[in-house]
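Notes to accompany the following structure.
The values are calculated or read from the model by the stated rules, or taken from the named source; none is laboratory data. From a predicted model like this one, the values you see are computed outputs, not experimental measurements. Here the Cβ positions follow ideal geometry from the backbone for every residue, glycine too, while neighbour counts run over all protein chains shown. With ligands, DNA and RNA removed, areas are computed over all heavy atoms of the protein, side chains included. Shrake-Rupley method; radii C 1.70, N 1.55, O 1.52, S 1.80 Å.
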Amino acid sequence: PQMRERFEQRFGSEVAVLHSKLGERERYDQWQRIAQGLARIVVGARSAVYAPLKKIGAIILDEEHETAYKQEDSPRYHAREVALWRARKQGAVTILGSATPAVETYYKAENNSYTLLTLPERIARRPLPQVKIVDMRGELLAGNRSIFSRLLQSELNKTLAAGQQTILFLNRRGHSTFVLCRQCGLVAECPRCDLALTFHKVGQRLICHYCGYNEPQYRRCPSCGSGYVRDFGCGTQRVVTEAQRLLPQARILRLDADTSARAGATDEIIHSFSRGKADILVGTQMVTKGLDIDRVTLVGIISADLTLNLPDPFASERTFQLLEQVAGRTGRGHLPGRAILQTYTPGHASIEAAKKHDYNGFYQD
């Protein structure tokens with residue numbers, strides 16, 4: 001939404017917008033404007049790479065490292081590869097922009113397949129945010145059972161008192177990761193996928209994040225009848241609940257796949273936050289890119305280990321990219337920014353590189 005708004009302010013009616021949340025009529029109108037040459041700039045998500053422009057001069061992929069550029073259902077394609085192909089066919093230039101390029105992209109730049117252009121400083125030489133790492137093992141030893149470390153709680157209070165804004169990041173939606181009977185050990189699972197159901201406090205439902213199956217949350221175990229049923233783990237809904245308990249005076253918004261499902265909801269949430277109508281924005285990876293809000297001076301990363309321990313060969317790269325991108329949401333105005341990174345593995349190379357904003361160090365490692 002912010003990018004679209006800025007292009008429209010600068011170029012007016014020459015801008016067309018293409019993304020999946022448009023209605024069929026809106027998409028048709030935008031497509032016709034492009035095909036008829038009424039719009040010469042197309043701003044959009046992955047599918048915008050197919051826009052029917054007659055004469056392309058440049059294709060720009062912002063945050064080129066993002067896995068969202070890869071379409072995983074039919075027709076499968078990678079928008080980056082399509083962009084490179086279209087640009088070659090039309091004699092245009094492709095610009096791949098990122099503060100944390102994909103390793104294969106940077107490798108090609110190092111080996112002269114691509115031209116490497118670097119921006120080593122922020123605009124107006126503003127400093128990069130200071131990143132502090134909190135070892136959550138120490139919090140447990142100190143008796144702190146909250147999902148917020150003592151340092152993050154202190155920084156949240158300071159930021160709120162100063163009239164500034166905070167982004168809290170956790171890359172998992174819902175309230176709790178799974179529901180378990182502590183008597184017989186039953187975990188609530190999806191009957192279709194055999195995967196643990198996530199507890200969503202809103203509506204008191206258990207939902208499968210893969211196929212969408214859902215059922216009401218139960219208080220007694222359907223297997224043994226015990227009342228010792230409890231939810232474990234943490235999602236964005238629980239972060240909101242905990243933040244409201246710690247800071248009852250704070251105005252809090254949440255941005256994830258649940259709150260943005262309705263058409264226009266993402267725009268509303270981002271506009272409200274950017275205009276200062278909320279003090280804290282809690283979100284998943286949706287808050288890690290594109291947000292450029294002067295009054296955000298604190299970012300809290302609730303658990304840096306979530307993506308680090310996935311069974312995925314790209315897990316360490318994805319973790320570094322997410323941490324560096326979300327830390328970069330702070331200190332973008334005249335006020336200095338800081339980020340608190342909570343982890344159980346503070347010595348990991350991805351965590352250390354994110355603390356130092358050291359892409360080259362991470363790449364070499």
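Laid out as a table, the results:
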{"read-out": "Conditions (1) closer than 18 Å to VAL131 by Cα; (2) touching a residue at least 12 places away in the same chain (Cβ under 8 Å); (3) outside any loop (DSSP other than H, G, I, E, B); (4) not acidic (Asp, Glu); number of the one not met by SER303", "value": "(3)"}
{"read-out": "Scope region 286-323; condition of a type in the set (Phe, Trp, Tyr) and either open to solvent by less than 10 Å² (accessible area, probe 1.4 Å) or closer than 25 Å to ILE269 by Cβ (or both); matching residues", "value": "PHE320"}
{"read-out": "Residue list for region 127-150, restricted to those being over 24 Å from LEU310 (Cα atoms) and within 23 Å of the chain's Cα centre (by Cα)", "value": "PRO127, LEU128, PRO129, GLN130"}
{"read-out": "Residue within region 229-250 that is over 25 Å from the mean Cα position of the chain (by Cα) and at pLDDT below 90 present", "value": "yes"}
{"read-out": "Filter result for the condition that a residue is hydroxyl-bearing (Ser, Thr, Tyr), surrounded by fewer than 20 Cβ atoms within 10 Å (Cβ to Cβ) and touching a residue at least 24 places away in the same chain (Cβ under 8 Å), over THR266, THR236", "value": "THR266"}
{"read-out": "Tally, over region 41-61, of residues that are assigned to a loop (DSSP other than H, G, I, E, B) and among the polar types (S, T, N, Q)", "value": "0"}
{"read-out": "Single residue of region 310-351 satisfying the filter (farther than 21 Å from LEU298 by Cβ and in a helix (DSSP H, G or I)) that is modelled with the lowest pLDDT", "value": "ALA315"}
{"read-out": "Verdict on THR198 being within 17 Å of ASP256 (Cα to Cα), open to solvent by less than 10 Å² (accessible area, probe 1.4 Å) and either of a type in the set (Ser, Thr, Tyr) or touching a Pro at 6+ places or on another chain (Cβ under 9 Å) (or both)", "value": "no"}
{"read-out": "The one condition in (1) touching a residue at least 60 places away in the same chain (Cβ under 8 Å); (2) closer than 22 Å to ILE147 by Cβ that ARG295 fails to fulfil", "value": "(2)"}
{"read-out": "Segments classed as strands (runs of 3 or more DSSP E), wholly inside region 195-277, with at least 3 members that are among the aromatic types (Phe, Trp, Tyr) and within 25 Å of LEU151 (Cβ to Cβ)", "value": "none"}
{"read-out": "Of residues in region 13-30 being part of a helix (DSSP H, G or I) and touching a residue at least 12 places away in the same chain (Cβ under 8 Å), the one least open to solvent (accessible area, probe 1.4 Å)", "value": "GLN30"}
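Condition check ((1) at pLDDT 95 or above; (2) farther than 25 Å from ALA263 by Cα) across all residues:
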site	(1), (2)
VAL15	yes, no
HIS19	no, no
GLN32	yes, no
ALA39	yes, no
GLY57	yes, yes
THR67	no, no
